[in-house]
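Peer 1: Please read through the structure below; I'll follow up with questions.
Just so it is clear, none of the values below were taken in a lab; they were calculated from the coordinates. Predicted, not measured: the structure shown is a model, and the values here were computed from it. Methodologically, a virtual Cβ is constructed for each residue, glycine included, from the backbone with ideal geometry; neighbour enumeration extends over all protein chains shown.
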Amino acid sequence: NFPLTDTWPHSVSGSPGQTVTISCTRSSGSIDSEYVQWYQQRPGNAPTTVIYKDNQRPSGVPDRFSGSIDSSSNSASLAISGLKSEDEADYYCQSADDSYNPTVLQTHGEVRQELPRASPP
């Protein structure tokens, strides 16, 4: 089990092919002091890691997913480019130290697809 604590979600929408960004801000301490992980959770499935150690992708995660840290705003961001329908999921941000002991979950965002409307016949 991932020791994730649910917080109030915010929703991010994007059309196929677009880039969406989800951010989380560390409420105490420096964002640089501990690594940030991002998890993707599709409906009915367990969370999987899409970014670890701030900006590293596990094997099998496409390079459409990228993580970054902004020290000035004390925040971390997950960008998903070339949005696909399979990207629709909850995304969780977690801070952890080098041994991956979890400390606190700051936020999570929900990516929703805006599917093109069908043209009338």
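Peer 1: Tally the residues that are under 19 Å from Arg42 (Cβ atoms), among the charged types (D, E, K, R) and over 9 Å from the mean Cα position of the chain (by Cα), restricting the search to segment 65-90.
Peer 2: 4
Peer 1: How many residues, within segment 29-63, are touching a residue at least 40 places away in the same chain (Cβ under 8 Å) and of a type in the set (Gly, Ala, Ser)?
Peer 2: Counting residues in segment 29-63 that are touching a residue at least 40 places away in the same chain (Cβ under 8 Å) and of a type in the set (Gly, Ala, Ser) gives 2.
Peer 1: Among the residues of segment 72-85, which ones are of a type outside the set (A, V, I, L, M), touching a residue at least 24 places away in the same chain (Cβ under 8 Å) and over 12 Å from Cys24 (Cα atoms)?
Peer 2: Initial filter on segment 72-85 (of a type outside the set (A, V, I, L, M)): 72-75, 77, 81-82, 84-85.
When the remaining residues are screened for being touching a residue at least 24 places away in the same chain (Cβ under 8 Å), the result is 73-75, 77, 81-82, 84-85.
Hits for segment 72-85 are Ser81, Gly82, Lys84, Ser85.
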